[in-house]
Protein chains: 4
Amino acid sequence: MIITMKKNAPDSEMHAIIENLEGMGLKVTLIQGADYNVFGVVGDTTRVDEKLIAANPHVDHVARVAAPFKKANRLFHPQDTIVDVAGVKVGGQENVVVIGGPCSVEGEEPLLEIAKGVKEAGGAMLRGGAYKPRTSPYAFQGMGSEGILCMVKAREKYGLPIVSELMSESKLPEFEEYVDLIQVGARNMQNFDLLKALGKSTKPVLLKRGLSNTIEEWIMAAEYIMAGGNENVIMCERGIRTFEKYTRNTLDLSVIPILKEKTHLPIIIDPSHATGDSKLVESMSLAAIAAGADGLIIEVHNNPKCAWSDGAQSLTPPAFAQVIEKGRKIAQVIGRDI
Amino acid sequence: MIITMKKNAPDSEMHAIIENLEGMGLKVTLIQGADYNVFGVVGDTTRVDEKLIAANPHVDHVARVAAPFKKANRLFHPQDTIVDVAGVKVGGQENVVVIGGPCSVEGEEPLLEIAKGVKEAGGAMLRGGAYKPRTSPYAFQGMGSEGILCMVKAREKYGLPIVSELMSESKLPEFEEYVDLIQVGARNMQNFDLLKALGKSTKPVLLKRGLSNTIEEWIMAAEYIMAGGNENVIMCERGIRTFEKYTRNTLDLSVIPILKEKTHLPIIIDPSHATGDSKLVESMSLAAIAAGADGLIIEVHNNPKCAWSDGAQSLTPPAFAQVIEKGRKIAQVIGRDI
Amino acid sequence: MIITMKKNAPDSEMHAIIENLEGMGLKVTLIQGADYNVFGVVGDTTRVDEKLIAANPHVDHVARVAAPFKKANRLFHPQDTIVDVAGVKVGGQENVVVIGGPCSVEGEEPLLEIAKGVKEAGGAMLRGGAYKPRTSPYAFQGMGSEGILCMVKAREKYGLPIVSELMSESKLPEFEEYVDLIQVGARNMQNFDLLKALGKSTKPVLLKRGLSNTIEEWIMAAEYIMAGGNENVIMCERGIRTFEKYTRNTLDLSVIPILKEKTHLPIIIDPSHATGDSKLVESMSLAAIAAGADGLIIEVHNNPKCAWSDGAQSLTPPAFAQVIEKGRKIAQVIGRDI
Amino acid sequence: MIITMKKNAPDSEMHAIIENLEGMGLKVTLIQGADYNVFGVVGDTTRVDEKLIAANPHVDHVARVAAPFKKANRLFHPQDTIVDVAGVKVGGQENVVVIGGPCSVEGEEPLLEIAKGVKEAGGAMLRGGAYKPRTSPYAFQGMGSEGILCMVKAREKYGLPIVSELMSESKLPEFEEYVDLIQVGARNMQNFDLLKALGKSTKPVLLKRGLSNTIEEWIMAAEYIMAGGNENVIMCERGIRTFEKYTRNTLDLSVIPILKEKTHLPIIIDPSHATGDSKLVESMSLAAIAAGADGLIIEVHNNPKCAWSDGAQSLTPPAFAQVIEKGRKIAQVIGRDI
């Protein structure tokens, strides 16, 4: 941690800061310049609240050198974490995992048909939303518990682990009972009460990146879950909000090598929400695999134009099968498989 | 609503769409071009799910003409809403309301001292965080219920209505009992379960704009609360996330005239979180008042360098008093007061 | 300057860096931590190329403590620069200067009529585009030299100094002969050849902030002009590009106090381009004055609906007069005038 | 084009607009709603200035349905454009073209060494900056003409066509004489005088996307060059500016399928400037190829830690060779080659 003091900061203030930090077991070195004085602080600075230091009016700037996360940090946990989702392994050098399914569950019949398509195409898990975060209170809000039970039926029939989004701690018991991989949506990435509740769960968590959250904030959200005791976190990039409006969001594939360097957690890509456009899903899926993603989560619907939400970004089962087929060849080039 | 069909969309598809929309009581007009066919749809399109229409592969683009919100819409509710917060009126041509207080409640003694400063300076309400959304699980998470009770003490002593942030529906009963104005923080602006719970509350809600939410999404979040029956919503701009990193966020003051045109709700400005820098608070406060804001919410601490969070952006009570004094003169120029 | 070395950087590399920096007359201090080694570098680091240091694979991160600009730096030039534009003074505690005029010059007659309105309303200078940066090659590109001559006629008749945008070094002689304040548009803020050419000019320059340029990049663009010898630079904020699309750009008024702290240059605000909406111009103008702006540049047209470009954001002369009238009262509250 | 009129727009205004548009040979249809009236306009709207229409105070909103570009439009030019750069073909189903070389030319010796590495690795062209756009006036500005001559030497020796950035129209004759592919940098993407000058050149142009320019603005910049008569434009994505600061910019690979759909021009990717980090270049290169890019432009330096600019993002020749080797296998999976 580097603390830059303002010109003319009184010695008494500088000593107070030094004492305070040394009292926390940290080592402090002073660098004196003509216009600035700078402290270098070394040791375990994870628990130092940089805002508290920056609040001192004699402090110009505080910068972290060490990352503010520990549990998720590759530095302290060099081997890849492989998350086991009801038998499907995600991460490390395991096969690239492709998850498919509808944005919203719309009933048992249509879900089973889609699940069949996902299974036959080579999909490894089934996704489906039962509780839906919708911008408008007047839009379809999801089937709720009934939707979860449809997912369970599909799992029974096709043997695919199921993924669904949890929007409130109050539904966690239901998800712990029925769902194999609990998704935290982009809008709830910093719903800290939800993250804390998941920290006490034993189910693996799929943590989507928030619409405009930095990579560091995203890792810190994983750290919330891990600090609670649940280390089964899979990161999921789904596009960030930028000035560009041609796509719904801007897919940031550079997070794949970055997360692999900074953390030991698996990273999967959601090209459907990132682009909002089914025509772009295949090329972004192949790109993600080439860049080293551990998996994909893709919206699949057998009749996209009748989908109750997000049909515009859904693939039909044959298109989904084609992504897997081409993706497999890409995966093989970089030493993996699907 | 304008629906642009792709070139060569079959007539059968176009008729299916027309029938569907007419079945919802809407009026549809077709415009035929050489390269495109366009439908104009008029009537109450609030409940039309545009994603569902856009999902049709023959549809190129769907654009709303009418706003997707009703309860918050100035068009259907021309007079200003004035929200009564335990006797303090916010909105319309009422006085500009200045809310002050610490980011986090740190104990009864220090809070009472700050509350005294806020009261003497002419502040109209007291803010104070008891449950704190913090990026790091290792940072101070707030005093919880104890902090709420400190706020209650300060209200008893100084007669200031109290404002605090609610992070989870599970704490709503506590807030309904004790808090006068319930704040929804930026990170929870699209925590739809929380919004729905607040829709059933009778307490006024201070709805902060999300870090990267559009004005329309923000109004839709208000619409969630209002659709549930609670029309006492005060909007609060606190800066948006942009590429610029000199300030913590970029304060978007243009929302003041925009919200006044599109909605009938009061709008207040938070210059402390927007800038993250106490040196910028005064000028942004004066600017907000000049632009027509109904209020300000400002962080105040009597010893910012010892504040447990966000000290760098806190004003001392004398600096806060100076903002009110200068702000009052600006308010008088535009026909209001503080 | 703070240089963070990677864990396990060899001593030889660290010594090479130290020697190199000491050879430039800088003082280097080493801070050793368990996981990192950090150098603090003090002295005149303006000419150190941080990218060159960051290129060393053993270096983790380079951060500047001192600002990379000198000529524009308030630290080395504490008193306000007041720029004299053909007798109109801009900056310091001088009157707030309001510049009005059409986006594009459309002919002598209409320009004279607008100039009359600007003059009568109390405007201090006349703006008008003769060379227009247009997104489409098929849109009106401006009247060119003929437009400049219309501006000159208007100056002769109404005594207002004239402001116009220069798009290419090749036209600089024309501008030096005729124009009083040479505008660099947002799209050319980092057209470094243009900035260098202006550094050799004696005419004052109005430097607009680029669409997505940081405050530091903007000051560095001013530094280009000043390093060439021309210290008469007026900064102009005109909105930045963000995710929000309701306004054309997001007006960042916090730059007013920030530039006043970091530099000694005058700062004016362009609410017309920032918002793209005439309905928002008045409130943003008043906000800018309240925040301490040294001036405003506002689009004025006597028949906005027939304007050849940007009519949607133009005020009529009476609306412009009203902004000045209200703005004057705000200016007086903060100890200035218009 | 869809024109939404405000509620209560007088009939006379609506007729005036209709007459005006019909006078331009367009067909206008009126759709009447309770709260809005909407015009649908069909025909060649490329030359309609939407700002002029939006300026009418009775108009609420103007939206284009047809794209505002023609020459670059896939709709009017269905076959892929293949640009011939001194014998190297770019676009269509041609081989993926990999361009390598230093950010800045630093002298003949070092350039020849790098060129040798690029050639041996399988690179198809040599890049090298002679005129450098640098944020600071105190940073190295490039070798100028001397640098161009070094590039010519390298071409003579290794037979690689050369690519260099043009910053000012005044140097166009020099570039036309010596350079094979003239680069327009991100900062000059909307330097319209430069684009117009290039429209009259016969040399192919590499048009980088601006830091925060939309896809449409970028295509319109190509349209400027093409409208002038030069149809040899290669588009180059180099990352956009977002809130995320871990990478220098955010690489937007979705532009690959989007440009392929909307235009017929080749698209290449610059992973070096996009990420600013050599560790991320390989994975982003492979991703780009998998997504269908027609080429890559990569910074290569044989001693990155001594590079005069941007060393941190440069690959060594062996690392560059490895990217080509792996990239070739990815290309073969999707039916191309390198």
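Of all the options D:P304, D:P173, D:P318, the one that moves most in a Gaussian network model of chain D with Cα springs shorter than 10 angstrom is D:P173. For the protein assembly as shown, a simple Cβ point-charge model (Lys and Arg +1, Asp and Glu -1, everything else neutral) yields a dipole of about 0 debye relative to the Cα centre. Between the alpha-carbon centres of the stretch D:213-266 and the stretch A:178-238 there is a gap of 34 Å. Buried surface between chains B and D: roughly 1700 Å² of accessible area, summed over both sides, computed with a 1.4 Å probe on protein heavy atoms only. For D:K305, the lysines whose Cα comes closer than 16 Å to its Cα, not counting residues fewer than 8 places off in the same chain, are C:K6, C:K51, D:K279. The magnitude of the dipole of the stretch C:261-300, with charges of +1 and -1 set on the Cβ of Lys/Arg and Asp/Glu and taken from the Cα centre, is near 60 debye. Evaluated on chain C, the Kirkwood hydrodynamic radius is 21.4 Å, with distances taken between all distinct Cα atoms.
Compute the relative contact order of the stretch D:112-207 as a whole-number percentage, counting only Cα pairs closer than 8 Å that sit 6 or more residues apart in sequence. Computed over the stretch D:112-207, the figure is 24 percent. The ratio of the alpha-carbon radius of gyration of the stretch A:1-138 to the globular-protein estimate 2.2 N^0.38 Å is 1.82. Across the copies of the chain, C:D11 has label points (7 Å from Cα along Cα→Cβ) spaced 3.4, 8.8, 9.5 nm apart, shortest distance listed first. For the stretch D:238-338, applying the loop criterion from DSSP together with a ceiling of 11 other beta carbons within 10 Å to the chymotrypsin sites (Phe, Trp or Tyr not before Pro) yields no site. Over the stretch D:130-243, the pair-distance histogram of Cα-Cα distances with 10 Å bins from zero comes to 14, 44, 33, 8, 0 percent, rounded to whole numbers. What a 1.4 Å probe finds exposed on the stretch C:251-338 is 52% carbon and sulfur by accessible area, rounded to a whole percent. For A:K116, the lysines whose Cα falls under 17 Å of its own Cα, not counting residues fewer than eight places away in the same chain, are A:K153, A:K157.
For a distance above 24 Å, tell me the whole-number percent of Cα pairs in the stretch C:176-315 that qualify. Don't jump to the answer; show the numbers that get you there.
Details: 2942 of 9730 pairs.
Of all Cα-Cα distances in the stretch C:176-315, 30 percent exceed 24 Å.
The charge dipole of the stretch B:214-338, taken about the Cα centre with unit charges on the Cβ atoms of Lys, Arg (+1) and Asp, Glu (-1), comes to about 420 debye, rounded to the nearest 20. With respect to chain C, whose longest principal axis is taken over its alpha-carbon atoms, helix C:108-121 is tilted by about 80°.
The residues of the stretch C:280-306 occluded by other protein chains by 20 Å² or more of accessible area, set against the chain on its own, are C:L280, C:S283, C:M284, C:L286, C:A287, C:A290, C:A291, C:K305; surface from heavy atoms, 1.4 Å probe. Note the angle between two axes, namely the Cα long axis of helix D:11-23 and the longest principal axis of the Cα atoms of chain D, as a number of degrees from 0 to 90, rounded to the nearest 10. Approximately 50 degrees, to the nearest ten. In straight Cα distance, which lysines are under 21 Å from C:K208, not counting same-chain residues fewer than 8 positions off? Reachable lysines: B:K245, C:K70, C:K71, C:K89, C:K132, C:K171, C:K196, C:K200, C:K245, C:K260, C:K262. Projecting the Cα atoms of D:F69, D:F39, D:V83 onto the charge dipole of the stretch D:34-89, computed from C-beta unit charges around the Cα centre, puts D:V83 farthest toward the positive end. Once C-alpha pairs closer than 8 Å and six or more residues apart are averaged by separation and normalised to the residue number of chain A, the relative contact order reads 17 percent. Annotation: amide H-H contacts under 5 Å for D:G129 (H modelled 1.01 Å from N, sequence separation of 5 or more, or interchain): D:S104, D:V105. For the protein assembly as shown, the extents of the C-alpha atoms along the principal axes are 78, 75, 73 Å, listed from largest to smallest.
Sorted from shortest to longest, the distances between the D:K27 label points of this copy and the other copies are 2.2, 8.0, 8.1 nm, with each point 7 Å from Cα along the line through the beta carbon. The long axis of helix C:215-227 is offset from the longest Cα principal axis of chain C by roughly 80 degrees. Bridges between two residues of the protein assembly as shown, per DSSP, are antiparallel at a rate of about 40%.
Quick one: check the C-alpha center-to-center distance for the stretch D:1-46 versus the stretch C:135-172, whole angstrom. That distance is 33 Å.
B:A86 label point (Cα plus 7 Å toward Cβ) to equivalent points in the other copies: 4.9, 6.0, 7.7 nm, shortest first.
With the simple spin-label model, which puts each label point 7 Å out from Cα in the Cβ direction, the C:E176 to D:T202 separation comes to 3.6 nm. The 1.4 Å probe gives accessible areas that order A:R64, A:R134, largest first, as A:R64, A:R134.
The values are calculated or read from the model by the stated rules, or taken from the named source; none is laboratory data. Note that this is a predicted model, so its numbers are computed, not measured. Positions of Cβ are generated from backbone atoms using ideal geometry, with glycine treated the same way; all protein chains shown enter the neighbour counts. Protein only, heavy atoms only, side chains kept; ligands, DNA and RNA dropped before computing areas. Shrake-Rupley method; radii C 1.70, N 1.55, O 1.52, S 1.80 Å.
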